[in-house]
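The values are calculated or read from the model by the stated rules, or taken from the named source; none is laboratory data. Note that the structure is predicted; figures quoted are calculated from it, not measured. A quick note on method: Cβ atoms are made from the backbone with ideal geometry, for glycine too, and the neighbour counts reach across all protein chains shown.
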Amino acid sequence: GDSVTQMEGPVTLSEEAFLTINCTYTATGYPSLFWYVQYPGEGLQLLLKATKADDKGSNKGFEATYRKETTSFHLEKGSVQVSDSAVYFCALSDIGGSYIPTFGRGTSLIVHP
Amino acid sequence: NAGVTQTPKFQVLKTGQSMTLQCAQDMNHEYMSWYRQDPGMGLRLIHYSVGAGITDQGEVPNGYNVSRSTTEDFPLRLLSAAPSQTSVYFCASSTGTGKDYNEQFFGPGTRLTVL
């Protein structure tokens with residue numbers, strides 16, 4: 001079945017540092033890939049997405065590229081801010097299967113001033 | 001649009017009590033889901049619905065019931081609360097159609113404690 005594996009956290013960075021959160025996936029079809037973000041005390045919200053190989057999703061300075069050859073969708077940001085502190089979830093939705101997304105376990109990011 | 005709303009925000013129950021967590025969306029979305037979020041476990045799917053009158057089980061359905069009598073509402077019922085059901089519960093919806101058919105919109109969550 002489909003699965004998503006994320007690096008375990010927490011990831012702790014200083015402000016303006018470079019961020020990478022790794023995400024790899026297993027899917028039987030041709031999935032769409034997503035990153036969701038959960039700020040403290042809130043529900044998840046979509047951060048970015050990519051629907052086919054080599055697509056790059058981007059939003060709020062975050063980027064992720066759909067790499068079919070390595071089955072990866074790593075999240076990156078060049079310069080993090082304290083306000084980026086949150087939990088980040090990688091997810092996939094396989095159009096060949098159920099519409100229900102498969103989520104990773106989430107990676108907590110803590111950014112210090 | 002209010003998006004996805006959930007009530008209550010917080011709830012404390014005693015073991016054996018029953019209750020209903022409410023979820024509503026005003027985006028005319030066909031698909032709705034319930035998840036629970038536990039430390040180190042990520043999100044686990046409890047039940048989902050692909051339209052009014054249609055529901056199905058997710059990964060962890062035991063102890064929970066759902067129904068979908070309208071497009072807007074998708075309540076989650078705890079039949080006899082147990083301490084293992086202490087968790088944060090999220091409701092989500094998506095259109096089910098078009099190029100963004102699987103983009104999930106989440107509610108703010110209900111934090112449930114069972115004593």
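Structure notes:
- Test result for A:Glu69, among the acidic types (Asp, Glu), more than 13 Å from the chain's Cα centre (by Cα) and within 14 Å of another protein chain (Cβ to nearest Cβ): no
- Those residues of the stretch B:61-104 which are hydrophobic (A, V, I, L, M, F, W, C) and modelled with pLDDT of 95 or more, in sequence order: B:Val66, B:Phe74, B:Leu76, B:Leu78, B:Ala81, B:Ala82, B:Val88, B:Phe90, B:Cys91, B:Ala92
- For the stretch B:36-113, the strands (runs of 3 or more DSSP E) that sit wholly inside it and include 1 or more residues that are buried (at least 19 other Cβ atoms within 10 Å of the Cβ) and facing another protein chain (nearest Cβ under 9 Å) are B:42-51, B:87-94.
- Odd one out for A:Ser93, checked against (1) at pLDDT 95 or above; (2) under 20 Å from B:Lys99 (Cβ atoms): (1)
- Residue ranges of strands (runs of 3 or more DSSP E) in the stretch A:1-99 with at least 2 members more than 23 Å from B:Ser87 (Cβ to Cβ), touching a residue at least 60 places away in the same chain (Cβ under 8 Å) and of a type in the set (Ser, Thr, Tyr): A:11-14
- Taken over the stretch A:7-55, residues that are more than 15 Å from A:Tyr88 (Cα to Cα), within 12 Å of chain B (Cβ to nearest Cβ) and surrounded by fewer than 17 Cβ atoms within 10 Å (Cβ to Cβ) amount to 1.
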